[in-house]
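Structure record follows, encoded as structure tokens.
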């Protein structure tokens, strides 16, 4: 008798057929596993990848792996090898062999050791050149796919209207139309012409996150419906309808008294039904747990899982807390229907098939170094930096500088520390600063 492979393994079949076939093979436990994630370090010990830890954490599969490169100090080649090892474990040591999506941060460059650091996004916006945004994210896509990463948690599409907000630097600024144009270019470069060679862009933070009370990162947002739609929504609508955005991330905040991560009106009715978004929705880090331990709108983790899943959040990041055993308990108690889980799992599997993970789960490690920090990439980073410079006039001696001044003293902790000039989502700023004791004394540089 001739062996036949299951439909979901047959690349000649449509994505819809493959998704439905795979869904029909899955147990409830395996489905729930696809809604979760885990940090790369949860699968490691001091010797590297740990089969024992992997067997304990991902024996039923996993939806996403969090930041193989960006959550570690692995160089690009080692990061690619680690991604391959994790995928091999999933393929050969789980019943159905479903690969994982590896996600990374990439606001102003792939946030990993050895990747090209570009100017921060507000600097990119200052170029007024969307074509540079697309060129930049084309480089990011090339570097990420080379090491086995498939999803980038960018761009930030929040419209910056409050300078007190500490994440203004990650945005394209205060103009919604311009943020839309830059966002569309960013997404097109990152995703490419086809997701099989592209990186899923993730618009964030849906919705209203950038104008939270007092400029704090998780405080309430107070918006009228007209400003919400005419200003705040515009960049998100543009990337969904003009650039086919593949993924969206929720805002941490509450919007007019309703926590966004629990709001079906925002995450489904507005995002999917009105804007026409048909991609994957991932939680901001710990946003689902925060329904229980920060916002206090959920009584426990099972209730938080129900609220988020019902709202329309498909994947819990960065690691599984609520979308694991608490979600299973919610199903068993009747709080969550299995059909609600099926809807989210179908979206996840669809993206895995569109990314080509079942045909090409591994990367060619021999190719990795050829796409890292090339002269052309360095030149592009320099070009963006040069074009971002804004020339201001010193009318009426706003700065008390005479034309005879030959040198200026730059004083403070940033005076002679290049690392402090990197964007907040760059490896030197985000990871290396956690590993080294920073100088506490102010410095002075004479220029």
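Of the residues in the range 394-426, how many are surrounded by fewer than 10 Cβ atoms within 10 Å (Cβ to Cβ) and part of a helix (DSSP H, G or I)?
Within the range 394-426, residues that are surrounded by fewer than 10 Cβ atoms within 10 Å (Cβ to Cβ) and part of a helix (DSSP H, G or I) number 4.
If we keep just the residues of the range 263-295 that are assigned to a helix (DSSP H, G or I) and in contact (Cβ under 8 Å) with a residue 60 or more places away in the chain, which is surrounded by the most Cβ atoms within 10 Å (Cβ to Cβ)?
Looking at residues that are assigned to a helix (DSSP H, G or I) and in contact (Cβ under 8 Å) with a residue 60 or more places away in the chain, I get 271.
Restricting to the range 320-360, what's the tally of residues that are without any contact (Cβ under 8 Å) to a residue 60 or more places away in the chain, touching a helix residue (DSSP H, G or I) at 6+ places or on another chain (Cβ under 8 Å) and over 28 Å from residue 7 (Cα atoms)?
Of the residues in the range 320-360, 8 are without any contact (Cβ under 8 Å) to a residue 60 or more places away in the chain, touching a helix residue (DSSP H, G or I) at 6+ places or on another chain (Cβ under 8 Å) and over 28 Å from residue 7 (Cα atoms).
Assuming residue 298 fulfils every condition listed in (1) over 18 Å from residue 63 (Cβ atoms); (2) surrounded by fewer than 22 Cβ atoms within 10 Å (Cβ to Cβ); (3) touching a helix residue (DSSP H, G or I) at 6+ places or on another chain (Cβ under 7 Å) apart from one, which condition is it?
(2)
Please specify each residue of the range 68-84 satisfying the condition of being touching a helix residue (DSSP H, G or I) at 6+ places or on another chain (Cβ under 6 Å) and surrounded by 24 or more Cβ atoms within 10 Å (Cβ to Cβ).
68, 69, 80 - these are the residues of the range 68-84 that are touching a helix residue (DSSP H, G or I) at 6+ places or on another chain (Cβ under 6 Å) and surrounded by 24 or more Cβ atoms within 10 Å (Cβ to Cβ).
Failed condition for residue 334, given (1) surrounded by fewer than 12 Cβ atoms within 10 Å (Cβ to Cβ); (2) in the same structural domain as residue 245 (by TED's automatic domain parsing); (3) assigned to a helix (DSSP H, G or I), with all others met?
Every condition holds for residue 334 apart from (3).
Working only within the range 296-315, note down all residues that are touching a strand residue (DSSP E or B) at 6+ places or on another chain (Cβ under 6 Å) and assigned to a loop (DSSP other than H, G, I, E, B).
297, 312, 313, 314
If you take the residues in the range 253-262 that are buried (at least 24 other Cβ atoms within 10 Å of the Cβ) and out of contact with any strand residue (DSSP E or B) (no Cβ under 6 Å at 6 or more places or on another chain), which one is farthest from residue 228 (Cα to Cα)?
My answer is 262.
Checking residue 391 against (1) surrounded by 11 or more Cβ atoms within 10 Å (Cβ to Cβ); (2) on the phi < 0 side of the Ramachandran plot; (3) not assigned by TED's automatic domain parsing to the domain that holds residue 33, only one condition comes out false. Which one?
It fails just one condition, (1).
Which of (1) surrounded by 19 or more Cβ atoms within 10 Å (Cβ to Cβ); (2) in a loop (DSSP other than H, G, I, E, B) is the odd one out, the single condition residue 87 does not satisfy?
All conditions pass for residue 87, except number (2).
I need the full set of residues from the range 361-372 which are out of contact with any helix residue (DSSP H, G or I) (no Cβ under 6 Å at 6 or more places or on another chain) and outside any helix (DSSP H, G or I), in order please.
Hit for the range 361-372 is 364, nothing else.
The values are calculated or read from the model by the stated rules, or taken from the named source; none is laboratory data. Since this is a predicted model, take the numbers as computed values, not measurements. Counting neighbours? That spans all protein chains shown, and the Cβs are built from the backbone with ideal geometry, glycine included.
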